[in-house]
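Read the structure below first, then the notes.
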Amino acid sequence: MKILKFGGSSVATPARIQSVIEIVKPYLESDVAVVFSAFGGVTDILIQISSLALQGDLEYKKKLEALEKRHLEAVRELIDVQQQSSILAQVKIKINELEDVLHGVYLVKERTPRTLDYIMSFGERLSAYIIAEAFNASGVHAAYLDARSVIRTDNNFGYAKVDFEATHKLISDHFKHHQDLQIITGFIASAESGETTTLGRSGSDYTAAIFAGALHASDLEIWTDVDGMMTADPRMVKKAFTVPQMSYEEAMELSHFGAKVIFPATMQPAMMNRIPIWIKNTFNPSFPGTVIHAESANGKLIKGISSMNSVSLLNVQGSGLLGVVGVSMRLFATLAREKVNVILISQASSEHSICIAVDSQNAKLAKASIEKEFQNEIRNEEIDEVHVENELSIVAVVGDGMKHSPGTSGRMFSSLGKNGVNVVAIAQGSSERNISAVVRQADVAKALNALHEAFFLSDRKVLNVFLVGTGLIGKVLVNMIDDQFSKLAKENLLEVYVVGIANSKHMLFSEDGLVLKTCVDTMKREGEPMQMKAFVEKMFSLNLPNSVFVDCTSSEEVAAYYESILADNISIVTPNKKANSGSIEQYHRMKETAFKRGVKFLYETNVGAGLPVINTMNDLLLSGDKVISIEAVLSGTLNFIFSSFTEGKKFSEVVKEAKEKGYTEPDPRDDLSGMDVARKMLILSRETGLSLELKDISVQNLVPLDCQGDISVAQFFTQLEKHDAAFEKLRKEAASRNEKLRYKAVLHEGKVSVQLDTVNDQHPFYSLSGSDNIILLTTERYHERPMVIRGPGAGAAVTAAGVFADIIRIGHYTK
């Protein structure tokens, strides 16, 4: 014997009912019975209609008419015209009976739990009757079984307790004398007095389990609208997947903490009789689903992650708890008297405090009852006033595989910590099957995704990138991420999604990841107005795990948000030098914030574009080396200008050529001023441990005085021509000594200078060409022969590559 149960979503429409009939037909070769819920949404509609009647609102009649129409139309679609009349008549009789009850509620303005149970029973009674007739119309001999005739309960209306002894006998006797396919009403039962009772919401699953236990069924199949028990709620965790099998105990734990595919009560009769429970999908019937049985299998450490929202935490603490026998008994007894269910308990070994989690709607009642019980102790200041913390959730990691497996808790809390999820309270039972943590409700989605990644996708990491700046570097970066996505996912098990993007005018977000080939154009066309504050607030509100903020601008406004971004546990990657070359206090605060929050602040591209300068130097310092001096050409623009400034060329023409090739800023004076080089050298000096400010650096400005000030770029070039002779003189003097002009930055004995200098043919800078950068690191280890780092120091491609490398580095860090 097999018992099948189909939920409301499975029978929401006539078309779905036809599909269910086709699913059931292959089972008819052996003994089978089928339990049905009300049509999708009908139970809620019945409660709503009765509430309207209770309020004296005649709108209930219109909704009742709509309900009647829905059921009558189902008959007309499922049953041949010749067979419809008697069935339609029976449906109308039931609707008329319901109408009489509702009219009574309307008149007396009273709806007792007894009455509400009776009203709700019409959902299953109508659906099961119509579906039974639909089976008959399809050629399958079926009989309608009103479960009230065989399931006996007490009279605790709304959540009646089953009398299993009487029920098992009635079910067994019924099936001995009825051979047709039994179409059974879920959810409803009857008390000894004959009054209608209900088994609680989702009681149809429970009904099916009761029949399975009574008939010693070989299997119980719960057909719903998902592919089985999932590793997490797929609405919150996009990468959740079906768990093939789990134990009764694992399923009980998950269902207690919010996994609503199956309810604990359903499993009790099945557990007692060791009946496997299959969770299958009506809309994907060929999928194997999940089987819940006595043994846990498949070797996974955990089977699922679940959550429960709207939780409040009550903290009872004080010196009066220390070593006092009976405190816990009094605490839980007073809550039991008020019918307050305790979801989670946490107590430190010091006995100084007890934390309990309850449903938020019971928090005020729980607080009042506890303070009343301990009023004397509170008055004597032996116990503090009960503190209540609201807007919390519980996340639970569940699995039999955790037993005797060291490191599970470490992995759980490490994952939460890296993503900035603060744990308010923790509980773990001695069974080692469940670790529960109380977190802020605002963090629950991030927590679930982080934990799911840590336990189920530990070999694969996901980064969620928020990019500001879609100019040359930003565009190239987006294309790189798109081009490399498949390779990174396959070979490095790293998936990089751009979930937010912005330029100076527009911003666009997609929690599931933007389409990279078109995201910049889509942002310009459909994006909302850009405000940096709004962008950051949206990034914070999305609260995604493994978030990375990427700043591809040169904006001080954007850099001003770095501290708050790091403080919100979001890593930063940036080629923008403004933050690190600001005040030394700001530089240290950003570093300290990143360290305290356990996130990364990476800025390799601040100096030398994609060249490995900062990381290389930091590796040397971390290993105990000391920097003695740094000599560098750090401007690709200025190196192009001075390496191209040869005999026969005018200096102004070379600067104009550099601008035309895109090497300079829109205003070349920004490059010639030397401030960009000064900022880079300031950052390198700070990395060595020096606490310098920008004003401490001696900078030679190459822009002549009459070319400075408020003049246009065109006027600048006109004025610059007047100084060609002066620059030519410098070039000739250097050439006469077989030397070349180079714009150098030097750190020596704690002082930094940035100026135009000459180098001879023995110097590493002599052979520099194009837009290359070069850095000479003289350290205690690299003293006789300094370390040389050389390569392209400008250009969108190399800079974007350096930014991308930092992003990937963060991906490896989160593993």
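The values are calculated or read from the model by the stated rules, or taken from the named source; none is laboratory data. Here the structure is a predicted model, which is why all the values come from computation and not from measurement. Every residue, glycine as well, gets a Cβ built from its backbone with ideal geometry; the counts of neighbours run over all protein chains shown. Just the protein is used for accessible areas: all its heavy atoms, side chains included, with ligands, DNA and RNA removed. Shrake-Rupley method; radii C 1.70, N 1.55, O 1.52, S 1.80 Å.
Details
- Condition check for N376: part of a helix (DSSP H, G or I), open to solvent by 50 Å² or more (accessible area, probe 1.4 Å) and not charged (D, E, K, R): yes
- Which listed residue is within 28 Å of R235 (Cα to Cα), part of a loop (DSSP other than H, G, I, E, B), open to solvent by less than 30 Å² (accessible area, probe 1.4 Å) and hydrophobic (A, V, I, L, M, F, W, C), from I383, I302: I302
- Selection within the stretch 180-198 - closer than 12 Å to L145 by Cα and either open to solvent by 10 Å² or more (accessible area, probe 1.4 Å) or not small (G, A, S) (or both): D180, L181, Q182, I183, I184, T185, I188
- Some residue of the stretch 48-62 being farther than 30 Å from S218 by Cβ, modelled with pLDDT of 95 or more, of a type in the set (S, T, Y) and buried (at least 21 other Cβ atoms within 10 Å of the Cβ): yes
- Residue check for V398: in contact with a helix residue (DSSP H, G or I) (Cβ under 6 Å, 6 or more places away or on another chain) and either modelled with pLDDT of 90 or more or more than 23 Å from S353 (Cβ to Cβ) (or both): yes
- Condition met for S393 (among the hydroxyl-bearing types (S, T, Y), open to solvent by less than 10 Å² (accessible area, probe 1.4 Å) and within 27 Å of the chain's Cα centre (by Cα)): yes
- Taken over the stretch 270-286, the criterion of being surrounded by 23 or more Cβ atoms within 10 Å (Cβ to Cβ) and either more than 28 Å from the chain's Cα centre (by Cα) or farther than 22 Å from S9 by Cα (or both) is satisfied by A270, I275, I277.
- Looking only at the stretch 695-711, residues that are open to solvent by 40 Å² or more (accessible area, probe 1.4 Å) and part of a helix (DSSP H, G or I) come to 4 in all.
- Output for the stretch 458-483, where each listed residue is more than 19 Å from G527 (Cβ to Cβ), open to solvent by less than 30 Å² (accessible area, probe 1.4 Å) and of a type in the set (A, V, I, L, M): V462, L463
- Members of the stretch 718-751 found to be surrounded by fewer than 19 Cβ atoms within 10 Å (Cβ to Cβ) and under 54 Å from the mean Cα position of the chain (by Cα), listed by number: V746, H748, E749, G750, K751
- Only listed residue being more than 26 Å from F535 (Cα to Cα) and either of a type outside the set (S, T, N, Q) or open to solvent by less than 40 Å² (accessible area, probe 1.4 Å) (or both), chosen from A445, A450, A454: A454
- Single residue of the stretch 512-530 satisfying the filter (open to solvent by 90 Å² or more (accessible area, probe 1.4 Å) and without any contact (Cβ under 8 Å) to a residue 24 or more places away in the chain) that is nearest to V237 (Cα to Cα): V515
- In the stretch 484-511, the residues that are within 20 Å of V536 (Cβ to Cβ), surrounded by fewer than 17 Cβ atoms within 10 Å (Cβ to Cβ) and in contact (Cβ under 8 Å) with a residue 24 or more places away in the chain: S504, K505, E511
- Qualifying residue in the stretch 780-797 (condition: open to solvent by 50 Å² or more (accessible area, probe 1.4 Å), touching a strand residue (DSSP E or B) at 6+ places or on another chain (Cβ under 8 Å) and under 18 Å from I697 (Cβ atoms)): no
- For S436: the one exception among (1) in contact with a helix residue (DSSP H, G or I) (Cβ under 6 Å, 6 or more places away or on another chain); (2) at pLDDT 90 or above: (1)
- Flag for H404 being of a type outside the set (V, I, T), modelled with pLDDT under 85 and touching a Leu at 6+ places or on another chain (Cβ under 7 Å): no
- When each of A240, A232 is tested for being under 27 Å from K446 (Cα atoms), under 25 Å from the mean Cα position of the chain (by Cα) and crowded, with 22+ Cβ neighbours inside 10 Å, the lone residue that passes is A232.
- Condition met for V655 (in contact with a Pro (Cβ under 9 Å, 6 or more places away or on another chain), of a type in the set (V, I, T) and in contact (Cβ under 8 Å) with a residue 40 or more places away in the chain): yes
- Residues of the stretch 644-677 classified as within 26 Å of I614 (Cα to Cα) and open to solvent by less than 30 Å² (accessible area, probe 1.4 Å), total: 6
- Spans of helices (runs of 4 or more DSSP H) in the stretch 634-688 with at least 1 residues under 22 Å from E728 (Cα atoms) and not hydroxyl-bearing (S, T, Y): 636-644, 651-660, 669-672
- Of the residues examined, E165 is not one that is open to solvent by 10 Å² or more (accessible area, probe 1.4 Å), more than 41 Å from the chain's Cα centre (by Cα) and in contact (Cβ under 8 Å) with a residue 60 or more places away in the chain.
- Every residue from the stretch 153-162 that is under 12 Å from L199 (Cβ atoms) and either open to solvent by 70 Å² or more (accessible area, probe 1.4 Å) or not in a loop (DSSP other than H, G, I, E, B) (or both): T153, N156, Y159, K161, V162
- Residues being free of Cβ contacts under 8 Å to residues at least 60 places away in the same chain and either under 42 Å from the mean Cα position of the chain (by Cα) or not in a helix (DSSP H, G or I) (or both) - total across the stretch 70-94: 4
- Taking the listed residues A294, A336, the one that is loosely packed, with under 14 Cβ neighbours inside 10 Å and closer than 17 Å to D359 by Cβ is A336, with no other qualifying.
- If the condition is being open to solvent by 60 Å² or more (accessible area, probe 1.4 Å) and in contact (Cβ under 8 Å) with a residue 40 or more places away in the chain, then the stretch 20-47 contributes K25, L28.
- Residue match in the stretch 106-124 (condition: on the phi > 0 side of the Ramachandran plot and open to solvent by 70 Å² or more (accessible area, probe 1.4 Å)): yes
- Residues in the stretch 322-334 that are closer than 16 Å to R379 by Cβ and under 39 Å from the mean Cα position of the chain (by Cα): none.
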